[in-house]
Each structure stands twice: as structure tokens, then as C-alpha cells.
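The values are calculated or read from the model by the stated rules, or taken from the named source; none is laboratory data. Being a predicted model, the structure only gives us computed values, none of them experimental. Ideal geometry is used to build each Cβ from the backbone, glycine not excepted, and the neighbour counts take in all protein chains shown. Surface areas here come from the heavy atoms of the whole protein model, side chains and all, with no ligands, DNA or RNA. Shrake-Rupley method; radii C 1.70, N 1.55, O 1.52, S 1.80 Å.
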Amino acid sequence: MDFLYHTFAFDSHSPLLFTQLYFWVFLLIVYAGFALIIGKQDKQRLHLRNIYLMLISWFFYYKTSGSFLAILACVTFVNFLTAFPIQRAKREKQKAEGVFWLVVSILVDLGFLFYYKYAYFGVDVFNSIFGTHYSIVDTILLPVGISFYTFQVLSYTVDVYRGHVKPVHNVFDFGMYVAFFPQLVAGPIVRASEFIQQLYRPFHMTHKVMGMSVFWILNGLAKKIILSDYIAVNFVDRVFDNPLLFSGFENFFALFAYSLQVYADFSGYTDIAIGVAMLMGFYLPKNFDSPYKSRNPQEFWRRWHQSLSRWLKSYVYIPLGGNRTIFGHKANKLLAGNVNSFATMLIGGLWHGASWNFVIWGGLNGIGMIIAKCWHSLKERIGVEQYIQNHKVVHGIDDVLCIALTFTFITFTRLFFRASSNLDPATANEVAWQTAKQMMGQIVGAWDSSIILPFIREYHAVVLLFVGGMIIHWLPTKFKRWYRLNFALLPWWGMVLCVVVVVMVVYQFVTADLQPFIYFQF
């Protein structure tokens with residue numbers, strides 16, 4: 001009985017993670033059932049597969065969030081039902097009715113999101129403005145993945161309203177789209193136009209696709225456990241927990257190490273999600289493209305969390321006016337683009353968390369994008385950009401300097417991002433600001449170069465992993481594509497051997513307490 005209870009009951013201290021053995025046993029059982037269902041390639045089997053995967057996905061979410069499954073179910077049914085009157089109103093040219101039902105779906109979606117994620121922040125802002133002292137008595141827990149699936153269903157109803165997609169006529173198919181378990185709790189944010197048609201496509205698995213699936217899973221596990229978790233547990237978390245106990249150099253290195261940690265953590269989750277989805281015949285959108293190769297903050301946001309960046313562009317930046325208008329009013333193209341980019345980045349910062357530190361982080365990224373655009377425009381105007389493009393050596397030096405400067409800028413904005421993470425929402429603002437202030441104070445005023453060599457000796461494993469991780473990150477894209485493809489084309493015995501070796505190596509880095517994925521909290 002204890003075994004059955006542990007297997008099927010929700011345990012808040014042991015959520016279902018990709019890095020747990022339990023998950024891989026779960027996936028093996030799920031895949032066995034999937035293989036039995038998908039035997040014959042007909043519409044009935046495909047429909048049964050979608051029902052099966054929706055129910056499995058709901059169970060997966062229950063194991064990560066318990067009773068918050070009810071919110072996921074509510075959001076699913078509301079958006080499924082409202083899509084039909086939205087489409088009917090559009091077809092009959094009843095704009096007011098279409099807007100009404102769109103607003104209903106948006107209010108439900110954002111209502112849950114705002115209450116669970118922004119209640120403390122909202123009360124804090126209200127008290128600051130009006131000098132009141134209201135407080136929330138009950139503790140509000142944040143449902144895992146609510147930001148991801150909320151943005152996903154918002155894009156569905158808005159696209160139905162715009163006429164970009166047609167409503168899904170089967171609630172199980174729609175539920176499968178919303179809750180597909182590989183990407184449910186931390187993305188990528190999958191738009192209906194990218195996924196719905198895959199629900200009706202016959203399952204087809206080749207040796208190459210299977211090999212690519214295995215590669216992405218192993219790649220994600222290695223990123224998460226070897227790079228992210230080890231660096232976090234053995235150095236980064238210690239510095240962020242007590243910045244004043246470490247020197248300026250140690251605080252400085254912790255910031256850069258955190259940049260690698262958060263990338264390895266989030267892209268590692270995405271890699272595993274892409275691999276697991278591919279095993280079942282579904283293709284999720286790419287979410288990262290070597291973001292630390294970026295030459296400016298704008299390029300960085302085209303390479304980092306690409307599904308969120310595309311969502312913000314489609315549903316925030318362009319509706320605000322893009323580079324043509326500012327909140328609907330005509331303006332200079334550069335001015336409009338800059339104002340709307342800055343507003344979009346503020347909203348992107350708030351999407352990540354209900355804290356002024358996240359607002360500051362988003363604002364800094366917005367300012368960085370504006371400065372980069374203005375600098376590029378100035379270089380073009382005075383002819384410097386053309387000179388750089390025409391001289392290979394100068395172009396190479398310019399690339400290195402721009403990439404280094406962008407990486408440094410992005411890293412220092414993460415001071416506010418990391419300081420706001422893993423905190424109780426009720427106290428996030430105060431604690432996060434204190435952490436950020438202490439770290440900056442140490443970096444600016446407690447620098448001692450004599451500690452560098454002893455630090456490298458003491459934390460040599462962390463330093464080596466950081467250097468190695470950045471080298472791999474900066475490898476040419478063609479080379480990475482080459483070794484991915486060659487792995488996928490290995491014979492079965494070679495692939496199995498690689499799996500055994502990688503799993504054994506990864507196991508050596510497993511920490512005593514499994515670290516949750518950073519983006520679970522968003």
C-alpha cells in the first residue's frame with residue numbers, strides 16, 4: 001500500500017523531475033502503453049493516442065503540482081469552449097461578440113495567473129502608492145508552469161480571433177495540446193499553429209529520429225546535472241546565499257558561473273523535452289541558439305528562450321505598434337521601436353516573477369537593446385559599419401569584442417534575476433534587493449587579486465566545468481550539427497554504448513538533493 005501511495009499520490013517534497021529515476025521508469029511505462037495504442041495508423045488510434053497522452057500529462061502535472069491540476073483543467077475547458085463563439089462571431093462579422101468571448105477567455109487565464117503569481121506584488125505596490133498596510137493572510141503557492149501554459153492558451157484564443165488557426169473540435173485533442181507533459185511545466189511555449197496539426201499526423205519513427213531523440217535527452221541531462229547542478233551546489237548558491245562572506249572576485253565569478261548555470265539548466269530541460277516529445281512523434285520548437293554568441297542584447301533575445309521572445313513579439317510588441325507607432329500613435333520609426341521594445345522587455349521581466357528586481361532586470365535588457373540599436377545606427381551613418389564589414393581582421397576583432405561585451409552585460413543584469421529567484425513571494429522584493437546590493441558592494445569594494453590563485457585551486461572543478469562549458473557553447477554551429485547527426489546515425493550497439501557511458505559519467509555528478517529546474521518557478 002505504501003508503494004502504491006508513493007507512486008500515485010502527490011508529494012510536495014518530491015515533485016516529478018526529469019532528473020529522477022522515477023521519471024524514467026514512468027516514461028518507460030508510458031511509452032510501452034503508447035506503443036500498444038499506436039500500432040495501427042488510423043484516425044481512431046490517433047484519437048486514442050491523444051486521449052491517452054492527455055490523461056498521462058494530467059497525471060504528470062498532478063505529480064508536480066497536486067490539486068493545482070484543477071486550474072489547468074479549468075483553463076483548458078474555458079479556452080476550448082470560448083474558441084467556438086469567437087470563430088462564429090468572426091465568420092458572421094460580429095466583432096463585438098468576438099471581442100466579448102476573447103475578453104472572457106483572457107480574464108480567466110490572466111485571473112489565475114495574476115492571483116497566484118502577482119497577488120503579493122500587487123498588494124505591495126498598492127501599499128507603496130497609497131500608504132496603506134494591507135497584507136495577504138494566507139500563503140499563496142505558485143502552481144508549477146502556470147506562466148507557460150497560460151501564455152500558450154492565450155496565443156490559441158487570440159490566434160482564433162485573428163483567424164490564424166481554427167478551433168480544435170475535440171476537447172481531448174485540445175487538452176493534449178495544452179498539457180503535453182514533456183513541455184508542460186517549463187516550455188517551450190508552443191503555439192497552436194506549431195502543434196495542432198501534429199495531433200493528426202501518423203506516427204513514424206526512423207533510426208535517425210530515434211538517435212536524435214536519444215541525443216537530445218543525453219545532452220539535456222549532461223547540461224542539467226554536470227554543468228548546472230554541480231556549479232550551483234558547489235559554488236554559486238553559496239555566494240548568492242551569503243555574498244558578504246566572499247571576496248569581490250568570488251562574487252564576480254559567481255555571476256558569470258550563474259550565467260552558464262541558468263543556460264545549462266533551462267536549455268537542458270528544453271533538450272530533454274524535445275527528445276522525449278520526438279520519441280512520440282511530436283516536434284517542439286527550438287528554444288535556444290547558442291545565446292552567448294550574440295553580438296548585442298537584441299540578438300541575444302532572438303537566441304535565448306526563443307519561444308517566449310516570439311510570443312512577446314507577436315502578442316505584445318506588434319500590438320503596441322512595433323516600430324511604427326507608440327500605443328497607436330504615429331512616431332519616428334526608431335523612437336517607436338525603442339519605446340515598444342522597452343515596454344515589451346518590462347512585461348517580459350514581470351512574466352518571470354513578481355518582484356521589482358525582475359522589473360529592473362527586464363528594464364536593463366530593454367535599455368541595452370535601445371543602446372545597441374542606436375549605436376548600430378550611428379556606426380552605419382558615419383561609415384564605420386561598412387569599414388568593419390569590408391576588413392576581415394577588423395570584423396573578427398569587432399565580433400569578439402561585441403560578444404564579450406554582450407555576455408558581460410547580460411551577466412550583470414542577471415544579478416537582479418538570480419537575486420529574485422527561489423524566494424517566498426511575500427518577502428521577495430526586500431530580500432532580493434538586499435542580495436543584489438550586497439553583491440555589487442563586494443564586487444566594487446572588496447576586490448583582492450591575491451585570492452584568485454587560491455580560489456582556482458580550491459574550486460578547480462567548478463572553474464574547469466565553467467571553462468569547458470563555455471568552450472562547448474562557443475563551438476561552431478556546423479560542428480555541433482555534425483556530431484549530433486553522426487550520433488543519430490550510429491548503429492544500435494554504438495548508441496547503447498554511448499548511453500551507458502554518458503549515464504555513468506552523469507551519475508558521478510549527481511548531488512545528494514536533486515535540484516529543481518530554475519524555470520519551474522516561472
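Whenever you get a sec, compute what percent of the accessible area on region 206-284 sits on carbon and sulfur atoms (1.4 Å probe).
On the way: 1230 of 1890 Å².
In region 206-284, the share of accessible area belonging to carbon and sulfur is 65 percent.
So which lysines can K478 reach, going by Cα to Cα under 19 Å and dropping same-chain residues fewer than 8 places off?
Straight-line reach from K478, under 19 Å: K208, K286, K293.
State in Å² the accessible area per residue of region 170-309; use a 1.4 Å probe, count heavy atoms of protein chains only, and round to the nearest integer.
Ligands and nucleic acids excluded, the figure is 26 Å² per residue.
Tell me the carbon and sulfur percent of the accessible area for region 40-164, rounded to whole percent, probe radius 1.4 Å.
The value for region 40-164 is 66 percent carbon and sulfur by accessible area.
Contour minus end-to-end for I382 and F479, with contour as 0.36 nm per residue of separation and end-to-end as the Cα-Cα distance?
31.3 nm
Quote to one decimal, in nm, the extra length available between Q20 and Q434 on full extension: 0.36 nm per residue of separation minus the C-alpha distance between them.
Gain on extension, Q20 to Q434, equals 145.6 nm.
Is the shape of the chain rounded, prolate or oblate, going by the alpha carbon gyration tensor and its root eigenvalues a ≥ b ≥ c, with a/c under 1.5 for rounded and a/b larger than b/c for prolate?
rounded
Can you compute the modelled spin-label distance between L28 and V510, with each label point 7 Å from Cα toward Cβ, in nm?
1.3
With a cut-off of 8 Å between alpha carbons and a minimum separation of six or more residues, what is the relative contact order of the chain in percent?
18
If you rank K224, K43 by how much accessible surface each has, with a 1.4 Å probe, what is the order from largest down?
Sorted descending by solvent-accessible area, the residues read K43, K224.
How much of the accessible area of region 323-378, in percent, comes from carbon and sulfur atoms when a 1.4 Å probe is used?
Summing carbon and sulfur atoms, their accessible area is 74 percent of the total for region 323-378.
Using modelled backbone amide H atoms (1.01 Å from N, in-plane), which distant-in-sequence or interchain residues come within less than 5 Å of N296's amide H?
Here nothing satisfies the definition.
Please list, ordered by chain and number, the residues whose modelled amide H lies under 5 Å from the amide H of I189; skip anything fewer than 5 residues away on the same chain.
It is S307, L308, by chain and number.
Helices from the chain with mean Kyte-Doolittle at least 1.6 and a Cα length along the axis of 18 Å or more, per DSSP H: which?
Helices meeting the span and hydropathy rule in the chain are 21-37, 460-473, 492-508.
Return the long-range amide H neighbours of L16 (sequence gap of 5 or more, or a different chain), with a cut-off of under 5 Å between placed amide H atoms.
T64
Which order do K63, K286, K223 take by accessible area at a 1.4 Å probe, largest first? The partial results should precede the final answer.
Values: K63 10, K286 115, K223 35 Å².
The most accessible residue leads, giving K286, K223, K63.
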